[in-house]
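The values are calculated or read from the model by the stated rules, or taken from the named source; none is laboratory data. Bear in mind the structure is a predicted one, so any value in this text is a computation, not a measurement. Don't worry about glycine lacking a Cβ; one is built from the backbone with ideal geometry, like all the others, and counts go over all protein chains shown. The area values use the complete protein model at the heavy-atom level, side chains included, leaving out ligands, DNA and RNA. Shrake-Rupley method; radii C 1.70, N 1.55, O 1.52, S 1.80 Å.
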Amino acid sequence: MRNGAIVMPISRDFNFKTGIFLIVYQTALIPGLIWYFSFFTPSLTLIACMLLLLCTGGFSITAGYHRLFSHKCFKTNPVIESIILFFASTTIQGSALRWCNDHRKHHAYVDTDADPYSINKGFFYAHFFWMLEKQEEIDPRTVRDLMQNRRVMFQHRFDNICMFGSNFLIFLAVGFFLDDFVGAFFIGCWLRLFLQHHTTWFINSLAHTWGTQPFCREHSAVNNFIISLLTFGEGYHNFHHTFANDYRNGVRWYQYDPTKWLIWSLSRLGLARELKRVPKMTIQKKMVLEGKDLLLEQLKQLWYVKKEELEQKIHELAESLIIQISKISELTETYNSLCKKQAEKEVLMQLQYEIKSLNAKICADWRHWSNISGAILKLKPIPA
Ligand SMILES: [Zn+2]
Ligand SMILES: [Zn+2]
């Protein structure tokens, strides 16, 4: 955890409407649930309904508000956009326009005073207290593209009706189908809202404090598998802050990022298109540069007889990897453009061969790099 993580300054005026709602509904939840469980037992179907609504709301935020509207990582059709806006409204996190305005500022000014939920103002500030402050006006320069979207603007204009209306519809639907209006209110709406809020808020707090930084250490965002479990795959936040336009947060196929799998599945069904991916080589290059700095820093703190030799090795290997990665990117680009121009088969085969050999060399050097990194990071620092 970062130092000073429990500081919670509130500098601007109190945001009366949002503040009172958030404080009252959360404070009243515990006595409310004690009363509910004293007289009722939720059915398994009711719990399943709540989990389903948690997923629809959660994915609408992660795939919708976040990766679609804030970062434009993919495109979709107006029907899917409308479904996203409806279910995102059930999570009571404000309109897409307001959410994206704050989120784009968070990326542009991360960890500074201009970051609306800067972790440098404390863990609990980033998690919750920032919402109690009066919000700045939406900046049209930040969300100009979204202001052209009629569905987004409709939801923004009627945000309170959308948020409370969608929840009222859920209450009626769950209550009617399960013949349990009390359960629909306490479990389907109230408890679900609480869980929904905190799983989203963890991205601003935990995902900026607890985890590793394999891609970049210039911002506070971290990667953490456990946070991903709680946030529909948003826990690979270090990758996300480094390559914000990629539709994936968990960039490796096995990393738990159900939002990425959902977007990919939608694209297979023809419901999402133009999924943005940062090229693998760009990611590897960034990891080498970041790893090099980390290893050299680590070496400075170590007592080790062959230190100079190791430093030299790190420099050489990193440089060789960067050159090879740049070369393979160039070759791939040339190959693709020649394919489009229908170049001679022999030229293409020669290029294919060069790409394949270079790829094998990169893989071997990459393994070597990983072994050296692992070994150095295990070494003990100089005893005090
Ligand atoms: Zn983001
Ligand atoms: Zn962040």
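Over the chain, with a Gaussian network built from C-alpha contacts below 10 Å, which listed residue (Ile187, Ile355, Ile83) shows the highest mean-square fluctuation?
Sorting by GNM fluctuation, first place goes to Ile355.
Leaving out ligands, DNA and RNA, and with a 1.4 Å probe, what % of the accessible surface on the chain is carbon or sulfur? Provide the component values of the computation, followed by the final result.
On the way: 13190 of 20680 Å².
The computed percentage sits at 64.
Taking the alpha carbon gyration tensor of segment 234-287, what are the square roots of 5 times its eigenvalues, largest first, to the nearest whole Å?
Working: eigenvalues 79, 31, 17 Å².
After diagonalising the Cα gyration tensor, the semi-axes are 20, 13, 9 Å.
When the Debye formula is applied to the Cα atoms of segment 333-384, each taken as the same point scatterer, what base-10 log of I(q)/I(0) results at q = 0.13, 0.29 Å⁻¹?
Log10 I(q)/I(0), no solvent term: -0.52, -1.02.
At 1.4 Å probe size, with every protein chain present, just tell me what the per residue accessible area of segment 82-212 comes to in Å².
Ligands and nucleic acids excluded, the result is 44 Å² per residue.
Specify the angular offset, from 0 to 90 degrees and rounded to the nearest 10, of the alpha carbon long axis of helix 345-378 from the longest principal axis of the alpha carbons in the chain.
70
Using square roots of five times the C-alpha gyration tensor eigenvalues, list the equivalent-ellipsoid semi-axes of segment 215-373 in whole Å, biggest first.
On the way: eigenvalues 183, 152, 24 Å².
Gyration-tensor ellipsoid for segment 215-373: 30, 28, 11 Å.
Counting each DSSP H run of 4 or more residues in the chain as -39500 (n - 2.57), what helix-only mean residue ellipticity at 222 nm follows after dividing by all residues, to the nearest 500 deg cm²/dmol?
Computed ellipticity for the chain at 222 nm equals -19000 deg cm²/dmol.
Listed highest first by mean packing, meaning other Cβ atoms within 10 Å per residue, what order do 356-368, 159-171, 254-266 come in?
Most protected by this proxy first, the peptides run 254-266, 159-171, 356-368.
What three numbers, in Å, describe the spread of the alpha carbons of segment 280-378 along their principal axes, ordered from the longest?
So the extents along the principal axes, rounded to whole Å, are 57, 18, 17.
Rounded to two decimals, what is Rg over Rh for segment 31-107 when you use alpha-carbon atoms and the Kirkwood radius?
We get a ratio of 1.14 for segment 31-107.
Over segment 240-325, what portion of Cα pair distances is larger than 19 Å, expressed as a whole percent?
55
Can you give the Kirkwood hydrodynamic radius for segment 16-273, in Å, rounded to one decimal and based on Cα pairs?
18.9
Going by alpha carbons, how many degrees (0 to 90, nearest 10) lie between the helix axis of 96-108 and the longest principal axis of the chain?
Helix 96-108 and the main axis of the chain meet at about 30 degrees.
Rg(Cα) of segment 48-161 divided by 2.2 N^0.38 Å?
So segment 48-161 has a normalised radius of gyration of 1.08.
With no solvent and one equal point scatterer placed on each C-alpha of segment 123-249, evaluate the Debye formula and give log10 I(q)/I(0) for q = 0.13 Å⁻¹, two decimals.
-0.79
I'd like the distance separating the alpha-carbon centroids of segment 56-131 and segment 271-318, in whole Å.
Cα centroid of segment 56-131 versus Cα centroid of segment 271-318: 31 Å apart.
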